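Asker: There's a structure below that I have some questions on.
The values are calculated or read from the model by the stated rules, or taken from the named source; none is laboratory data. None of the values given here were measured: they were computed from a predicted structure. Note that each Cβ is placed from the backbone with ideal geometry, even for glycine, and that neighbours are counted across all protein chains shown. Just the protein is used for accessible areas: all its heavy atoms, side chains included, with ligands, DNA and RNA removed. Shrake-Rupley method; radii C 1.70, N 1.55, O 1.52, S 1.80 Å.
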Amino acid sequence: QVQLVESGGGSVQAGGSLRLSCVRAGRTSSMSVMAWFRQAPGKEREVAARITGYGVAYYGDFVKGRFIISADNTMDTVTLEMNNLKPEDTAVYYCAASAYGGSASTNYDYWGQGTQVTVSS
């Protein structure tokens, strides 16, 4: 089992920044990819960013250079720095772990409980 715990969500005005953190524990040796997904009301869950064990980062098309994902050497702590936030970034953000990676949520076996991000105009 793998446990993922997110923190750092909150409310911010448009143009502001937030930092999300995810701490993982448990049998993590096979979980080589960590990701942040988000889900807004009435919308499908989509990947915001993911990072591999080699430190290679990928971002969703909507990010457009505003977010940075990073991880420590063990990948037990993953951070998502979100800058220039927009009202459309409002969503619940989830940390996820996968042995395979990719942008599909179905590839991810373990999920955190989610943290709310609200951006006001």
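Asker: Counting just the residues of the range 1-19 that are open to solvent by less than 20 Å² (accessible area, probe 1.4 Å) and of a type in the set (A, V, I, L, M), which one comes out farthest from VAL78 (Cα to Cα)?
Answerer: Within the range 1-19, the match that is farthest from VAL78 (Cα to Cα) is VAL2.
Asker: Another question about this same structure. If you take the residues of the range 66-108 that are of a type in the set (Phe, Trp, Tyr) and in a loop (DSSP other than H, G, I, E, B), which of them is most open to solvent (accessible area, probe 1.4 Å)?
Answerer: Filtering the range 66-108 for residues that are of a type in the set (Phe, Trp, Tyr) and in a loop (DSSP other than H, G, I, E, B), the one most open to solvent (accessible area, probe 1.4 Å) comes out as TYR100.
Asker: Can you name every residue in the range 35-53 that is open to solvent by less than 50 Å² (accessible area, probe 1.4 Å) and in contact with a Phe, Trp or Tyr (Cβ under 9 Å, 6 or more places away or on another chain)?
Answerer: ALA35, TRP36, PHE37, ARG38, VAL47, ALA48, ALA49, ARG50, ILE51, THR52
Asker: Just wondering, is there one or more residues in the range 54-65 that are touching a residue at least 24 places away in the same chain (Cβ under 8 Å), at negative phi, under 15 Å from the mean Cα position of the chain (by Cα) and crowded, with 21+ Cβ neighbours inside 10 Å?
Answerer: No, the conditions are met nowhere in the range 54-65.
Asker: Still on this structure, I have one more. So in the range 20-34, with the set limited to residues that are hydrophobic (A, V, I, L, M, F, W, C) and in a strand (DSSP E or B), which one is most open to solvent (accessible area, probe 1.4 Å)?
Answerer: Selected residue: VAL23.
Asker: Is it the case that GLY65 is over 21 Å from SER11 (Cβ atoms) and of a type in the set (Gly, Ala, Ser)?
Answerer: It is true that GLY65 is over 21 Å from SER11 (Cβ atoms) and of a type in the set (Gly, Ala, Ser).
Asker: Here is a follow-up. Quick one: LYS86 ticks every box in (1) within 18 Å of VAL119 (Cβ to Cβ); (2) touching a Ser or Thr at 6+ places or on another chain (Cβ under 9 Å); (3) modelled with pLDDT under 95 except a single one, so which number is it?
Answerer: Going through the list (1) within 18 Å of VAL119 (Cβ to Cβ); (2) touching a Ser or Thr at 6+ places or on another chain (Cβ under 9 Å); (3) modelled with pLDDT under 95, LYS86 breaks only (3).
Asker: I'd like to check something: does the range 89-112 contain any residue that is acidic (Asp, Glu), out of contact with any His (no Cβ under 9 Å at 6 or more places or on another chain) and within 17 Å of LEU20 (Cα to Cα)?
Answerer: The answer is yes; a qualifying residue exists.
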